[in-house]
Amino acid sequence: THFGFETVSEEEKGRKVYQVFEGVAKKYDVMNDAMTLGIHRVWKDMLLQKMHPSPGTHLLDVAGGTGDIAIRFLNYVQAQHRRKQKRQVRAQQNLSWEEIAQKYQNEEDSLGGSHVIVYDINKAMLKTGKQKASAQGYTAGLSWVLGDAEELPFDDDKFDFYTIGFGIRNVTHMDRALQEAHRVLKPGGQFLCLEFSHVDNTFISRLYDLYSFQVIPVLGKVIAGDWKSYQYLIESIRLFPSQEEFKEIIEDAGFRKVTYENLTSGIVAIHSGFKL
Ligand code: SAM
């Protein structure tokens with residue numbers, strides 16, 4: 001296993017991954033914006049659009065870190081639920097949009113029973129996420145659970161969706177994490193993985209290499225005071241399987257109808273699979 005241009009044991013990788021995120025937790029969101037020029041927000045929005053969750057959905061967001069995907073999920077289902085309620089009220093009572101907006105201004109349960117668990121191995125990342133979420137007013141329908149993706153403390157057949165965003169690359173035994181994902185999803189449930197992948201365009205690939213090797217470690221040093229961690233980031237992206245190889249790994253874990261979609265010329269890909 002590689003780690004920042006060194007070769008380390010599997011055990012060592014787990015420990016080092018922990019240290020990387022422990023060290024950058026407070027700066028993680030700022031770094032994400034700086035490194036991706038804010039584009040990670042668009043990629044996460046696209047993941048939500050692909051998921052298209054309806055009110056009442058139960059999501060497990062593994063390697064959820066500071067909760068970006070969870071917050072987007074709550075936002076999405078809230079909007080869906082409000083839209084549905086407004087349609088119903090309007091049909092029944094013939095109210096104007098202004099009257100309806102007023103009616104729902106103070107409404108508490110706007111999630112329609114949806115729930116998301118942010119699951120992560122790193123306490124510092126969860127702590128930062130929890131503070132961010134409550135500062136933005138997200139507390140209902142949201143839990144934070146500490147643990148390893150390779151061993152989930154949840155019953156079988158429990159969730160409608162399992163998401164993992166920029167996380168699977170950091171897990172030591174990817175196959176174990178995928179088997180666990182399959183186990184905890186309900187039959188018919190969907191696995192969605194957002195991850196850095198391999199660029200399918202020569203010109204973009206050159207630019208991307210230049211940016212990754214020249215700019216990202218410097219940003220890591222300047223913003224998070226940490227050069228090595230961001231070298232690790234780049235190295236781990238290079239070593240991650242191609243889109244097609246990863247699709248096969250997901251199929252090996254028992255998922256069906258596995259597909260992927262490249263975003264930004266394959267800098268990132270969303271893989272999807274179903275437990276059938
Ligand atoms: N999903 C978030 C996002 O997209 O912003 C955070 C992604 S961050 C790059 C990777 C996260 O994976 C870190 O919070 C790290 O602690 C977590 N992680 C690494 N190994 C893990 C494991 N074995 N089990 C659970 N989480 C893990």
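The values are calculated or read from the model by the stated rules, or taken from the named source; none is laboratory data. Being a predicted model, the structure only gives us computed values, none of them experimental. As a convention, Cβ positions derive from the backbone with ideal geometry for all residues, glycine included, and neighbour counts pool all protein chains shown. Accessible surface is based on the protein model in full, side chains and every heavy atom, while ligands, DNA and RNA are left aside. Shrake-Rupley method; radii C 1.70, N 1.55, O 1.52, S 1.80 Å.
Structural descriptor for segment 47-186: relative contact order 33 percent, calculated from alpha carbon pairs under 8 angstrom and at least 6 residues apart. Here r is the Cβ-Cβ distance between GLN214 and LYS27 and R0 is 25 Å; the resulting FRET efficiency, rounded to 0.05, is 0.75. Take the residue pairs LYS13/LYS221; LYS127/LYS257; LYS44/LYS123; LYS158/LYS247; LYS50/LYS275; LYS44/LYS130 and return only those whose Cα atoms are more than 27 Å apart. Result: LYS127/LYS257 exceed 27 Å. You can think of it this way: the chain between SER242 and ASN201 has 13.4 nm of extra reach, that is 0.36 nm per residue less the Cα-Cα gap. Taking 7 Å steps out from each Cα toward its Cβ at GLN88 and ASP175 produces label points 4.7 nm apart.
Summarising the strand pairing of the chain, around 45 percent of its internal DSSP beta bridges are antiparallel. Projected label points at LEU95 and VAL42, each 7 Å from Cα along the beta carbon direction, are separated by 3.8 nanometres. Largest accessible area first, the residues HIS81, HIS115 order themselves as HIS115, HIS81 under a 1.4 Å probe with ligands, DNA and RNA left out. For the Cα trace of the chain, dividing Rg by the Kirkwood Rh returns an Rg/Rh value of 1.00. Extending 7 Å from Cα along the Cβ direction at THR139 and again at ASP157 yields two label points whose distance is 3.6 nm. Computed with a 1.4 Å probe over protein heavy atoms only, the accessible surface of segment 146-276 comes to 46 Å² per residue. Karplus-derived 3J(HN,Hα) values for segment 57-63, using 6.51 cos²θ - 1.76 cosθ + 1.60 with θ = phi - 60°, are 7, 10, 10, 10, 9, 8, 6 Hz; glycine and proline are entered as x.
Segment ASP252..GLN131, full-extension length gain: 39.8 nm, with 0.36 nm per residue of separation and the alpha-carbon distance subtracted. For segment 117-276, the antiparallel share of DSSP beta bridges with both residues in that region comes to about 55%. Percent of accessible area on the chain owned by carbon and sulfur, 1.4 Å probe? Solvent-exposed carbon and sulfur of the chain make up 50 percent of the total.
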